[in-house]
Amino acid sequence: MNMESHSLICFILLASAACCLSHPSLIGVHPLDERYYSSEVIKCKDGSKSFSRDHLNDNFCDCPDGTDEPGTPACPAGKFYCRNLGSKPQFIFSSHINDNFCDCCDGSDEYEGRIHCPNTCVMGGNSGYMNNYNSKVSDLGSFSEKETKNGIKSGESVHNLTGLRLAIILQVVLVVFLVFVWSFRRRIRSRRRRYQ
């Protein structure tokens, strides 16, 4: 690797760390909404009431539309934003947060650490099936809670397993390819030694 590629890798790592560590209380917030949440008194997006910044993500639903709980499952109408760096960002229902099921390919929805969600965004993560899923949930308010738990959850689990299977297959193919290249180079080196 040359110096440019090392610099680029360092920049990407620092930028992603700064992005993740800059606003720890703003879990589940779309980057365009971070400014909305920066004031001390925040108004619910539906205009029903206001709340102070210390009530943000406190696991108690103050706003009927879930504005105050983007990073907890406290509000039934809440939405959680998955950044999914390396894949397609998405919104999920807040009821899917910390439910022991990896809904975001970056694992950000399972931040309590009860389960480990590997980051599969760079390996394809949710990019294949999310187009279909996003078209179904583009208006998150149109689904009832029953449909969410029974319909989308089971569909998501099938797609997540398919994505995981694909990631494992790609890793196995990569390992086989690397072993093949290694053995091929070894044969060439041994032949060169014989003829010298």
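Just so it is clear, none of the values below were taken in a lab; they were calculated from the coordinates. Model, not experiment: these values are computed from the prediction. Every residue, glycine as well, gets a Cβ built from its backbone with ideal geometry; the counts of neighbours run over all protein chains shown.
Rg(Cα) of segment 33-123 divided by 2.2 N^0.38 Å? Working shown, then result.
Values: Rg = 13.7 Å, N = 91, 2.2 N^0.38 = 12.2 Å.
Cα Rg divided by the expected 2.2 N^0.38 Å: 1.12.
Taking the mean number of other Cβ atoms within 10 Å as a proxy for protection, how do you rank 44-51, 93-100 from highest to lowest? List each step's numbers first, then the result.
Details: 44-51: 13.5, 93-100: 19.4.
In decreasing order of mean packing, 44-51, 93-100 become 93-100, 44-51.
Using the Karplus curve 6.51 cos²θ - 1.76 cosθ + 1.60 with θ = phi - 60°, what ³J(HN,Hα) values do you get for each residue of segment 72-81, in whole Hz, with x for Gly and Pro?
Couplings: 9, x, 5, 9, x, 8, x, 10, 10, 9 Hz.
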